[in-house]
1. Conditions first: (1) under 30 Å from L194 (Cα atoms); (2) open to solvent by less than 10 Å² (accessible area, probe 1.4 Å); (3) of a type outside the set (S, T, Y). A46 passes all but one, so which condition is the exception?
2. Within the stretch 41-51, how many residues turn out to be of a type outside the set (S, T, N, Q) and either closer than 20 Å to T116 by Cα or free of Cβ contacts under 8 Å to residues at least 12 places away in the same chain (or both)?
3. Might you check whether a residue that is of a type in the set (S, T, N, Q) and in contact (Cβ under 8 Å) with a residue 40 or more places away in the chain occurs anywhere in the stretch 65-80?
4. Does the stretch 23-42 contain any residue that is open to solvent by 30 Å² or more (accessible area, probe 1.4 Å) and closer than 18 Å to L121 by Cβ?
5. Which residues, taken from the stretch 49-76, are surrounded by fewer than 21 Cβ atoms within 10 Å (Cβ to Cβ) and of a type in the set (S, T, N, Q)?
Amino acid sequence: MNKPQAYKFSAATAMLGCVAVLASDVIGIMVHEKHDPISDTISMLAIGKYGWIQDTGLDLLGLGYLALAAGCFTRKRSGARWMVIVVITALIGTDIILIAEHNQYAGRPGTNIHMTLVYILTGLFLILNVLGSFGPDGARLIPRHFSAWMAVLWLLLAPALPFIPDGWNGAYERLVGTLLVIWPAVVAWRLYRLAEGFLAPGRG
């Protein structure tokens, strides 16, 4: 597989993950009885008879991040900042998959690591966007201005989640969660454009 093909495969996998996690949330809300997306969190969809739907969406989103990490590594295999970005992207993907898989066992003894994984995800995503906001703009896969805005929004929105009234938990969590979907979608699109020759390699 040559580089353009690798870029396209990574981009397609990431886009699939973005679509899948959104679709799984909508389908989960439809099939779960008594689930209120305004007050009930996403994690509550991953418990019960139809929990596999939400888990599958999260797993595919996690795989999308892993695919982007591979695509970014293929794009450039040097530079300390860039390599840290690649590693953090892979760690985010792994963290999301672990969250999905442990959701299946929520409430069982010895498996209460959900919040630890969420806090790790929160920190990793902030670091990822702070790192992405440094360096030149141009043809980078992760645009500087985009990363800066994502970092600001994440820093403003994510820490407030534990303090949101119970009646609005679900809606607010979904609002914050959209940032985790927007990031891979944008990077995947730019990776695809790079494969098509519309985005010059530049420096990353």
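1. (1)
2. 6
3. yes
4. Yes, some residue in the stretch 23-42 is open to solvent by 30 Å² or more (accessible area, probe 1.4 Å) and closer than 18 Å to L121 by Cβ.
5. T56, T74
The values are calculated or read from the model by the stated rules, or taken from the named source; none is laboratory data. Nothing here was measured: the structure is a model prediction, and the numbers come from that model. Please note: Cβ atoms are built from the backbone with ideal geometry, for glycine as well, and neighbour counts cover all protein chains shown. Ligands, DNA and RNA are stripped out before the accessible areas are found, and what is left, the full protein with its side chains, is counted by its heavy atoms. Shrake-Rupley method; radii C 1.70, N 1.55, O 1.52, S 1.80 Å.
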